Amino acid sequence: MEQTFHTERTLIGQGKMAKVYLWNSFAYKCFNSDYPNDWIDYEIRIQNTISKTGLPTVNYYESEIPHSIKMDFIDGTTLGERIRHEKYKDGLEDLLLLFSQIHKIKNIDLPSLNPFLIREINKLNVDDSMKQLATGYICDIKDENTLCHLDYHFLNLMYSHDRYYIIDWINSKIGNPIYDYARTYVILYEFANRFSKKYLNTIKEQCKFNLSDLKKAIYVMSLHRLSEYNSEKVRKLISEISI
C-alpha cells in the first residue's frame, strides 16, 4: 500500500514541516522524517477534540501511511483566494461570523492559554521590561474557558460547496477570546494590512471589548508572535501600541 501511495499521490500543499498529498479521496499530511511523533500525536488529539464540538472542520483518521495524518479532503478554495482572485466583498464579515461561532464553545479538553503565553514570552530575547509588561497585562485580563483558535485568518477558512471549513487547529487553547481577536489583528497587520484597520474597528464595535484590555491583548500577542517569527512589522506594531 505504501508503494502505491508514493506512485499515485498528488501533491496539493507544502510547508516547512510537511507536504500534503491527495490520494484515494483523502488528504495525507506527510511530515519530514525529523518531525517528532509526539507532535503528530498532539495534533491528532487536538483535532479530534475540535471535531467533537460540531464546528465546521475536517475529521482526522488513523493513517495507513507512516509518519502522516489522514484527513478529509476539502475540494475548495481559501477565503483569502476568494477575496484576492474572485474579488469577493464580504470576506471580513464571513471571517467574523465564524469567529463568533468558535467562541461559543466553552470548557473543552485543551491546554490553558495564559500559562502558555507567559512561558513563551519569557523565553524571548527582548528586554525584561517588555516581558514584565506583557506578564502584567496577562494578569490584568480576566481569564476564561473559551475555545480560541489562535491562528485564525483568511487562509485558514476553506470554502467548498457553499460552506466554510475552519482548518489548522494546532495552536488552539482555552482562554479569553480577546487574545484570539488580538492574534488575528496581529496577523492581518503583518500580512493583510489593508484589512487590519477595518477589522480592528469592527471588533471594537461588535465585541464591546474594554479598549484598554484589547490594547493589552494586542501587545501580548504581538510579543508572542516574535517567538514564532522575528517580524519587523510586528516590532513596529509593538512600538506603536499605547496603553
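What follows draws every value from the coordinates through simple rules; no lab data is involved. What you see is a predicted model, and the numbers here were worked out from it, not measured in a lab. A quick note on method: Cβ atoms are made from the backbone with ideal geometry, for glycine too, and the neighbour counts reach across all protein chains shown.
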- segment 38-151: projected area of the alpha-carbon convex hull, averaged over directions, in nm²: 10.4
- Task: Over all alpha-carbon pairs of segment 27-86, lay out the pair-distance distribution in 10 Å bins, whole %, shortest bin first.
- Result: 20, 41, 30, 9
- Task: Equivalent ellipsoid semi-axes for segment 139-189, as square roots of 5 times the alpha carbon gyration tensor eigenvalues: give them largest first, rounded to whole Å.
- Result: 23, 13, 8
- Convert each backbone phi in segment 217-230 into a coupling constant with the Karplus relation 6.51 cos²θ - 1.76 cosθ + 1.60 (shift: θ = phi - 60°), then list the ³J(HN,Hα) values in order as whole Hz, x for Gly and Pro. 5, 5, 4, 4, 6, 5, 5, 4, 4, 5, 6, 9, 7, 7
- When Rg is the radius of gyration of the Cα atoms in segment 1-55 and Rh is its Kirkwood radius, what does Rg/Rh come to? 1.02
- Report the trypsin sites (Lys or Arg not before Pro) located in segment 84-185 that are in a DSSP loop and have at most 10 other Cβ atoms inside 10 Å of their Cβ, or state none. K87, K89, K123, K142
- Report, in whole Å, the centroid distance computed from the Cα atoms of segment 132-211 and segment 1-65. 25
- Simple spin-label estimate for N125 and I241 in nanometres, 7 Å along Cα-Cβ: 2.1
- Estimated vicinal HN-Hα couplings, Hz - segment 174-181 in sequence order (Karplus 6.51, -1.76, 1.60; Gly, Pro = x): 10, x, 7, x, 4, 5, 5, 5
- Please report, in cubic angstrom per residue, the volume enclosed by the convex hull of the alpha-carbon atoms of the chain. 137
- Kirkwood hydrodynamic radius over Cα pairs of segment 146-243, then Stokes diffusion coefficient at 25 °C and 0.890 mPa s, in µm²/s: 175
- GluC sites (Glu not before Pro) lying in DSSP loop within segment 19-118, provided at most 15 other Cβ fall within 10 Å: E62, E64, E86
